[in-house]
Structures are given as C-alpha cells and as structure tokens.
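Comments concern the structure below.
Throughout, read-outs are computed from the coordinates displayed, never taken from laboratory work. Quantities reported herein were computed from a predicted structural model and do not represent experimental measurements. Backbone-built Cβ (ideal geometry, glycine too); neighbour counts: all protein chains shown.
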C-alpha cells in the first residue's frame, strides 16, 4: 500500500512541476517571442508562461527546502519583472513554517484542489466501439479542436488559452496526446506527462454531445496502459475539490493524497 505522506508528495509535486516547465519550454520553442521563462528556487519549479496563463506559478514550494524571506523575494522579483502576480500551488505537507511565511508576506488563498493518486495497473479495454490512440504529429489541430470543445463548453474563459495549446503540447517532451473515438468519430481528448515513474493524467475533456458514453473511462484505460508500458508505477491526477472530475477519478480507483491551496500575492 502507498500511504498519503510527505514521501508520496515528494514524488507527486515534482511531476506536476516538470509538466509545467515542459509546457513553458514548448511554448517558447513554438512561439519564441512569448517570453516564457522558468527557474528553480528554494527547491521549487518557478514558471512564467504568460500573465494570465494557468501555468504561471510555482510548484513544490517547501517540499525540498524551507523557503526564506530571501528566496521568496527572489521568486517574487521573477514574476514582478514579467508583469504578473506571484502564485504558489502549495502542498499542506510543506509545513506550517512555509504557510506562516506566505501569510506574513501578504499572500492570500484563492483556489483549492485535490491531488489524487493510485498505482499504475492495466486491465482489459471496455470496448463498446471506443478506440483510443496516441495522435500522430499531423493531428494536433484535430486533437486541439476536440479538447477545446470539451473544455470551453463549461469554461469559456479558457478559449484563448486553448487556441494555441495543440501546437504547444505536440512540442512538449514526455507528454503524449490521446484521442478517443466512438465508431470512428473523435469525441474526447486527453494528455499524459511522464516524470521519474509518475504519470500525470491531465487535460481530459469530452465534447458535450458524446458525454456519458464511456469516453473518459476508455481514455483513462489507454493512458494507464501507456504509463505501465513506459515504466511508471504511480498515477496522479489533480481536480477541483469536490468536483465531478474528482468523483470520476475516485470511481477509477484514485484516492485523495492531500488538498492543495493556491496562494496569490499581487504585484
């Protein structure tokens, strides 16, 4: 059994930090003028990927090194110089000292998510006319169209972000994109990022008219098989606390490892 403790968090947090860095690096590769940048400070991954990008933040703060006034100041300058607020996605296992320092420097919590995990296991495909595959290099526009329709139906604020996401994901390292089709019709898209034995399941979305037909389950099974074949033993997923996404993950055997809080300090 894998227990939800600091040791587990020290595997999960770097996996998401790696995914965030790879996304920024891919954006920089595809759009050199974008200004994306990243660094490591106080054991955390620090990423700028655009002023309003959800990937502009830090991961792993307090998990490998206790932050100080000096190191937080360095991180804050990194973001301020690029015209954006400083945001940290912080695991509660970072400890009271880390949270106390954030409060002392004027941060406020504004977002809560649950990090879920399970062992990587494979099982037989559910079938039902659904097929799932890793997309080819020339299918990024098709994948993006499906993903964008699935996400922006409920989150229209992501429309601009999704416009460029296909080309970026295609250029990202260790991050295959999957497309699910029902009787040959594409209906769901999802991503995967592999890092040191951890498979981060992210970006799964189904177009509105093809929901509740097993697309997400098939997409999860295919990505789980891929993770197993590529040496991963641990699967990870992040969802809004108490959301339908969390319930779907728990139905698929994921357990909550911890509840994470996102902190923000204005420029």
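By counting other Cβ atoms within 10 Å of each Cβ, how are 251, 123 ranked from fewest to most? With the sparsest Cβ surroundings first, the list reads 123, 251. Just checking the listed ones, 197, 106, 17: in the Gaussian network model of the chain with Cα springs under 10 Å, the one fluctuating most is 106. Here the residues 121, 250, ranked from fewest to most Cβ neighbours within 10 Å of their Cβ, fall in the order 121, 250. Between residue 76 and residue 183, full extension at 0.36 nm per residue minus the direct alpha carbon distance yields a gain of 33.5 nm. Relative to the longest principal axis of the Cα atoms of the chain, helix 215-229 runs at roughly 70 degrees.
When DSSP beta bridges are restricted to pairs lying wholly in the chain, around 90% turn out antiparallel. A simple spin-label model places pseudo-atoms 7 Å from Cα toward Cβ; at residue 52 and residue 173 they are separated by 3.1 nm. Considering only 133, 212, 118, the mean-square fluctuation computed in a Gaussian network model of the chain, springs between alpha carbons under 10 angstrom, is largest for 212. Between helix 140-152 and the chain there is an angle of about 70 degrees, using the helix long axis and the longest principal axis of the Cα atoms. Label-to-label distance, residue 97 versus residue 119, with points set 7 angstrom from Cα along the beta-carbon direction: 3.5 nm.
Matching the structure-derived semi-axes √(5λ) of the Cα gyration tensor in Å against the labelled list (i) 30, 18, 18; (ii) 28, 24, 17; (iii) 31, 21, 16 gives the label (iii).
Here the Gaussian network model covers the chain, with springs between Cα atoms less than 10 Å apart; of 225, 105, 27, 105 fluctuates the most.
The angle between the Cα long axis of helix 69-80 and the longest principal axis of the Cα atoms of the chain comes to about 60 degrees, rounded to the nearest 10. Of the residues 75, 168, 2, the one with the fewest other Cβ atoms within 10 Å heads the list, and the complete ranking is 2, 75, 168.
Which FRET efficiency value, to the nearest 0.05, do you get for residue 266 and residue 5 by plugging their Cβ-Cβ distance into 1/(1 + (r/R0)^6) with R0 = 51 Å? It comes out at approximately 0.90.
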